[in-house]
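Written out below as C-alpha cells is the structure these notes cover.
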Amino acid sequence: MNLFRGRLSAFRWRTRLTLWGAAACAGLAVVAFTKLADLALHTFFELANTHPGLPFPWVPFVLTPLAGMSAVWLTRRFFPGAQGSGIPQVIAATRLAARGEPVGHLVSLRIAVGKIGVGCLALLGGFSAGREGPSAQVAASILHFAHRLLPHSRAIAPADLLLAGGAAGIAAAFNTPLAGIVFAVEELGKRLEAKTTGILVSTIILSGLVAIAVEGNYNHFGRMKVSEFSEIVVPVLVYGMLCGTLGGIFSRLLLWPQKHPDFVLWQWRAANPVRFAGCCGLVVALVGWMGGGLSYGSGYTVTSVLVSGDALSAPWHAPVTRYVATLVTYFSGIPGGIFAPSLAVGAALGASTCEILGFAVNAIPITALCMAGFLAAVTQSPITAAIIVMEMIDGHGMVISLMAVALIANAVSSRISPELYQQLAQGFMPQQPR
C-alpha cells in the first residue's frame, strides 16, 4: 500500500512539475512577445515621425500596406490558423479536444512562433491590433505541447489544459492573474472539472507570476488618479448604454464576413487575400493620418496617458478613428487581437465625451468606466472586462461601478450582436455534413 501511495504521489508531482514548467515557459513567451511588440511599435512611430516637417507623411502609406501584405502572405503560407485574435482558435480547440479530435491546426508551437513573429510584423506597420488575445493562443499552444510530456495522457484532460493555457496567456499579457482565471470560466470554457481546478488555476497564476518576475509588478495602464467619484449612477447608466450600443455594433461588424460570406467585398477578399490586406493597410494609414496618428498601433500609449491624468486631452475624433482602424485591421486577416484596441476605443470615448455630457469633473473615472463598458460590450464577458480594467489601473475602489457599467453594456450589446468569440470559433470548427 505504501509503495502504491508513493508511486501515486510521484505521479502527481511529475504532473504538477511538468505543467508548472510549461506555464513558466508560456509566461516567458508572452513576455518576449510583449518586448518584441513594443519594439515593433516604437520602430513604426520612429519611422513615421522621421520627417515630421514634411507636408505629407508618406511612410505609413508605404510601410503599412507592405506590412499587411507580408503578414497575410506569411500567415497563409507558413502559419495557417494564426490569423485574427487567437481566442476563437483556443475556444474551437477546446471544443475539438473535448471530443477527441485533433487540434494541431489551431494550437501548436509552429502557430505560436507565427503568432508572435507575424503579429509583431503587423504592429511594425502600425495596424490597430493588440497582443493580449494572441498571447492566449501562444500560451495555449505551449501547454498543448506539454500534454505529450505528462507522465500519463489522462493525467489532465487536453481540453482543460488548453483552457488553462488560454487563460494563462491573458493573465501574463495583462498582468492580471485574477482576470485570467475569470476569463477561463466566463469565456474560454464555460466550465471547469472539479478534480483539475486547483492545478489549472495554479498554472494560470504561475504564468502571470513569471511575467511579473521579469517585467515587475506594474499596472498595465498606470495608476488611475481618482479623488472622489460623485454622481455615479447617471454616468454608469449613460455610458453603459452608449458603450453597449457602440460595442454591439462593433461586434456585429466584426462578424459580418462570417455571417455574409457572399457579399462582394468578402468574395474579393477570399480570392485576393494579400491584395485585400494591402488595401486595408492603405485605409489604416489614411485613417491614422486624418486622426493625427492616434489610431496607429495597439493604443497602449494613448490609453495610458488618458488614464494617468490627462483624460480631457482626447479630441472628438479619437474614438472614431480607433474604431474604424480596428475594424479594418481585423478585416485584413493579420494576426492581431482586439482587446487593447477595444480598451483604447473605450478610453477615447469617455475622455472625448465626458465634458460634452457634463461629466468633466469625473473625467478620469469615466474613462475607466468606458474602457470596461466597451470591452464588455464587444466580448460579452462583463465580469472579465470589469476585473481586467480594475487590475490594470489599480482601481479597486471602482469595482462596483465597473461591474455595473460592464453588465449594462453587456445587456445592451447582447440585443444587437451574438457573442463575438463564440461565433468566431464556429469558423474554425469542421463543417458538419448535411
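Read-outs throughout are calculated quantities, based only on the coordinates presented, and are distinct from any laboratory measurement. Bear in mind the structure is a predicted one, so any value in this text is a computation, not a measurement. Please note: Cβ atoms are built from the backbone with ideal geometry, for glycine as well, and neighbour counts cover all protein chains shown.
The packing ranking, built from the mean of other Cβ atoms within 10 Å per residue, places the peptides 291-302, 261-272, 29-40 in the order 291-302, 29-40, 261-272, highest first. In segment 232-336 the Cα-Cα distances spread across 10 Å bins starting at 0 as 13, 36, 34, 14, 3, 0 percent of all pairs. For ALA92, the shell of other residues with beta-carbons less than 12 Å away shows a net charge of +1, using +1 for Lys and Arg and -1 for Asp and Glu.
As a rough guide to protection, the peptides 248-259, 137-148 ranked by mean Cβ packing within 10 Å, highest first, stand as 137-148, 248-259.
Relative to its residue count, segment 257-298 spans a Cα convex hull of 90 Å³ per residue. Would you kindly work out the equivalent ellipsoid of segment 275-380 from its C-alpha gyration tensor and give its semi-axes, the square roots of five times the eigenvalues, largest first in whole Å? Listed largest to smallest, the semi-axes of segment 275-380 are 25, 14, 10 Å. Estimated from the Cβ-Cβ distance and a Förster radius of 41 angstrom, the FRET efficiency linking GLN258 and TRP316 is about 0.80.
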